[in-house]
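For reference, the structure discussed in these notes is given below.
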Amino acid sequence: MADRVTVIGWDGSPLTAAARAALGAATLVAGAAHHLALPEVPPTAERVRLGSVALAARRIAAHRGTAVVLADGDPGFFGVVRTLRAPEFGLEVEVVPAVSSVATAFARAGMPWDDAHVVVAHPRTLRRAVNVCRAHTKVAVLTAPGAGPAELGLLLDGVHRTFVICEELGTEREQVTVVTSDKAPDHTWRDPNVVIVIGGPVGAGESGGWIAGRDPATGPRGWTLPADAYDTPLGEGETEPLRAAQLARLGPRVGDLVWDIGSGSGAFAVEAARAGAAVIAVDRDPAACARAEAAARRFGVQLQAVHGTAPHVLENLPEPDVVRVGGGGAAVVSAVADRRPQRIVTHAATRDAAELIGRDLTEHGYRVQCALLQSVELDTRHWSETERSVAFLLSGVLPDRAQ
């Protein structure tokens with residue numbers, strides 16, 4: 001086993017004395033090609049080209065001597081340290097940090113980043129990274145080949161964002177480019193790069209927040225808001241108890257894309273966005289789309305409103321994780337089930353309609369639950385009934401995608 005493993009972060013600046021000393025004593029050095037070309041790497045040391053970190057970790061674990069791993073930026077921030085510390089390798093790791101590429105990118109842009117979300121995009125996580133960019137106003141994306149600025153721009157179709165693309169930070173070929181998201185696919189970008197994605201109202205503010213990223217306490221407290229929080233009357237399928245039950249069944253979260261079909265006032269769409277998810281609100285009434293956009297502005301969240309009639313308008317929408325069907329009935333629910341989202345929730349006014357929808361979801365392979373929800377609102381001054389609503393709440397979960 002290696003006697004010691006030192007992980008050195010490199011941000012393009014001269015190596016520190018501690019880093020130079022560790023390299024000078026190394027009998028094995030692992031890193032990318034540009035790391036292994038550094039003059040400080042001992043000529044007698046075994047060199048390991050860093051592709052798979054896990055494979056490199058096995059070679060290091062079997063090495064008799066002193067190992068050094070070189071990595072770009074801060075190796076403890078979405079870096080190699082996590083893999084090297086895995087119990088199966090049994091390595092004792094020391095870290096010489098450097099400025100992270102995210103911090104450097106924001107410095108080049110002259111922007112604060114304590115209010116930014118940071119995500120990693122590679123082909124497996126690209127769609128979720130894009131959903132974060134849809135949902136939030138400031139996101140830093142650590143990209144990978146096949147999941148870079150061009151792919152981000154393509155998947156953000158219909159959503160305007162500004163990209164600050166920082167290529168090869170800390171090297172002589174460093175370049176910072178500002179483009180709109182629709183123009184990013186027109187270029188070939190050099191790896192490695194970091195993309196700062198900006199969209200929506202972003203201001204410097206007079207004081208900073210207390211937590212990195214989006215403040216979860218922003219806006220009114222509660223999963224759902226009372227009807228009088230919205231500027232427009234809510235439909236009969238948008239009562240607060242029904243919305244709360246639908247949100248509980250769907251569980252929208254950061255990285256998800258939610259479809260709200262038949263968005264009406266936009267109340268459910270806004271509340272899903274408040275949970276951190278990306279939301280597409282679909283309605284055949286252009287006035288309803290305008291109401292959803294106005295509600296999103298009022299509560300400081302992002303959503304995309306799409307005018308059109310389901311199920312036809314759904315054909316060109318990006319793949320959803322969870323879907324609420326607020327209108328359109330069994331035909332729309334069936335079309336949604338064809339797209340295989342993890343979860344679907346809807347409601348029906350009668351038991352016959354609920355059974356029809358439930359059977360169709362079952363035939364599509366969903367595990368179905370149905371509950372009869374009755375809510376009665378009372379005027380507590382007189383304890384008299386002011387409003388009553390009854391609906392069948394249906395939800396479907398794909399067993400193989402339940403998480």
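How much length would be gained if the chain were fully extended between Arg190 and Ile211, taking 0.36 nm per residue of separation minus their Cα-Cα distance, in nm to one decimal? Present the calculation step by step, with values, prior to reporting the outcome.
Numbers: separation 21, 0.36 × 21 = 7.56 nm, distance 3.27 nm.
Length gained between Arg190 and Ile211: 4.3 nm.
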Take every DSSP beta bridge with both residues inside the chain and express the antiparallel ones as a percent of the total, to the nearest 5.
50 percent
Does the range 110-231 come out rounded, prolate or oblate by the C-alpha gyration tensor, with a ≥ b ≥ c the root eigenvalues, rounded set by a/c under 1.5 and, if not, prolate when a/b is larger than b/c and oblate if not?
prolate
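If I take R0 = 35 Å and measure r between the Cβ atoms of Asp400 and His307 in this structure, what FRET efficiency does the formula 1/(1 + (r/R0)^6) give, to the nearest 0.05? Mind dumping the intermediate values first?
Working: r = 34 Å, r/R0 = 0.96.
The computed FRET efficiency comes out at 0.55.
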Relative contact order of the chain (C-alpha contacts under 8 Å, at least 6 apart) in percent is 11 percent
Mind ranking 54-65, 274-285, 120-131 by how tightly packed they are, going by the mean number of other C-beta atoms within 10 angstrom, highest first?
274-285, 120-131, 54-65
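Using only alpha carbon positions, build the gyration tensor of the range 346-403, then give the equivalent ellipsoid semi-axes as the square roots of 5 times its eigenvalues, largest first, whole angstrom.
Working: eigenvalues 208, 35, 5 Å².
The three semi-axes for the range 346-403 are 32, 13, 5 Å.
Report the full-extension gain for the segment Ala32 to Glu92: residue separation times 0.36 nm, less the Cα-Cα distance, to one decimal in nm. Please list the in-between numbers first.
On the way: separation 60, 0.36 × 60 = 21.60 nm, distance 2.15 nm.
The Ala32-Glu92 span can extend by a further 19.4 nm.
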How big is the charge dipole of the range 1-110 about its Cα centre, in debye rounded to the nearest 20, if each Lys and Arg gets +1 on its Cβ and each Asp and Glu gets -1 on its Cβ?
200 debye
Can you compute the helix-only [θ] at 222 nm over the chain? Use -39500 (n - 2.57) per DSSP H run of at least 4 residues, normalise by all residues, nearest 500 deg cm²/dmol.
-7500 deg cm²/dmol
Pairwise label distance in nanometres, Arg367 with Asp182, each label 7 Å out on the Cα-Cβ vector
4.4 nm
Computed over the range 14-108, the Cα gyration tensor eigenvalues, each multiplied by 5 and square-rooted, give semi-axes in Å (largest first) of 21, 17, 12
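Rounded to the nearest percent, how much of the accessible area of the chain (1.4 Å probe, protein heavy atoms only) is carbon and sulfur?
Details: 10270 of 19750 Å².
Looking at the chain in its full context, I get 52 percent from C and S.
Efficiency by 1/(1 + (r/R0)^6): what FRET value for Asp379 and Ala25, r their Cβ-Cβ distance, R0 = 56 Å, to the nearest 0.05?
Numbers: r = 79 Å, r/R0 = 1.41.
Taking R0 as 56 Å, the efficiency between Asp379 and Ala25 is 0.10.
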Calculate the dipole size of the chain relative to its Cα centre from +1 charges on Lys and Arg beta carbons and -1 charges on Asp and Glu beta carbons; express the result in debye to the nearest 20.
900 debye
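Shape verdict for the range 253-403, please, from the Cα gyration tensor: rounded (a/c under 1.5), prolate (a/b greater than b/c) or oblate. Don't skip to the end; give the middle numbers.
Numbers: a/c = 1.65, a/b = 1.09, b/c = 1.51.
Since a/c reaches 1.5 but b/c is at least a/b, the shape of the range 253-403 is classed as oblate.
State the percent of C-alpha pairs, over all pairs in the chain, separated by a distance greater than 41 angstrom.
On the way: 24003 of 81003 pairs.
Beyond 41 Å sits 30 percent of the P(r) for the chain.
Give me the 1.4 Å probe accessible area per residue for the chain, excluding ligands and nucleic acids, in Å². All intermediate terms of the calculation are to be shown ahead of the outcome.
On the way: 19750 Å² over 403 residues.
That works out to 49 Å² per residue.
Taking N as the number of residues in the range 33-174, what value does Rg over Cα atoms divided by 2.2 N^0.38 Å take? Working shown, then result.
Numbers: Rg = 17.4 Å, N = 142, 2.2 N^0.38 = 14.5 Å.
In units of the 2.2 N^0.38 Å rule of thumb, it is 1.20.
The values are calculated or read from the model by the stated rules, or taken from the named source; none is laboratory data. Owing to the predicted nature of the structure, the values given are computational and were not obtained by experimental measurement. Cβ sites come from the backbone with ideal geometry, for glycine too, and all protein chains shown count toward neighbours. Please note that ligands, DNA and RNA were not included when accessible areas were found on the heavy atoms of the full protein model with its side chains. Shrake-Rupley method; radii C 1.70, N 1.55, O 1.52, S 1.80 Å.
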